[in-house]
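Notes for the one structure printed next.
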Amino acid sequence: MYTLLNSINNIFLFPSHFEGLGLAAVEAQYYGMNTFVSSSLPAELNVSNYIDFLPLNEDAWINAITSCKSVNIDSVNDCKKIIHGSNIEYS
């Protein structure tokens, strides 16, 4: 799945005024995608060092997306450990 997702794209965008946990954003981090979510979403989404919480402002999103760096595989492995050690249901 990691290879498939990264061959299609390497960023995940989740702009929303309100969302519950937003499991899709957790999954995106699990697979090593730079993840950009609205600042109104829960802090529990932060399971990696490659997620950014952004205001719903077009310039903020453009700046964050255009300046993002590739995700290091060690960071992905750290993220997976966090998810596997949490109460987040993931299969």
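For this structure, a couple of remarks:
- Residue check, TYR90 within 12 Å of the chain's Cα centre (by Cα) and either open to solvent by 20 Å² or more (accessible area, probe 1.4 Å) or at pLDDT 90 or above (or both): no
- Complete set of residues in segment 44-61 that are over 14 Å from PHE18 (Cβ atoms) and open to solvent by 80 Å² or more (accessible area, probe 1.4 Å): GLU44, ASN46, ASN49, GLU58, ASP59
- Hits in segment 28-46 - residues which are under 18 Å from TRP61 (Cβ atoms) and of a type outside the set (A, V, I, L, M, F, W, C): GLN29, ASN34, THR35, SER38, SER39, SER40, ASN46
- Exclusive hit being surrounded by fewer than 17 Cβ atoms within 10 Å (Cβ to Cβ), of a type in the set (A, V, I, L, M, F, W, C) and touching a helix residue (DSSP H, G or I) at 6+ places or on another chain (Cβ under 9 Å), set ILE11, ILE65: ILE11
- Candidate set: segment 23-39, residues that are open to solvent by 10 Å² or more (accessible area, probe 1.4 Å) and outside any loop (DSSP other than H, G, I, E, B); chosen: the one nearest to PHE12 (Cα to Cα): ASN34
- Candidate set from segment 40-91 (those that are hydroxyl-bearing (Ser, Thr, Tyr) and not in a loop (DSSP other than H, G, I, E, B)); member that is farthest from ILE11 (Cα to Cα): SER75
The values are calculated or read from the model by the stated rules, or taken from the named source; none is laboratory data. In this text the structure is predicted, and so the values were computed from the model without any measurement. Note that we place each Cβ from the backbone using ideal geometry, even for glycine, and neighbour counts take in every protein chain shown. Remember, those area values only see protein heavy atoms, side chains included, never the ligands or the DNA or RNA. Shrake-Rupley method; radii C 1.70, N 1.55, O 1.52, S 1.80 Å.
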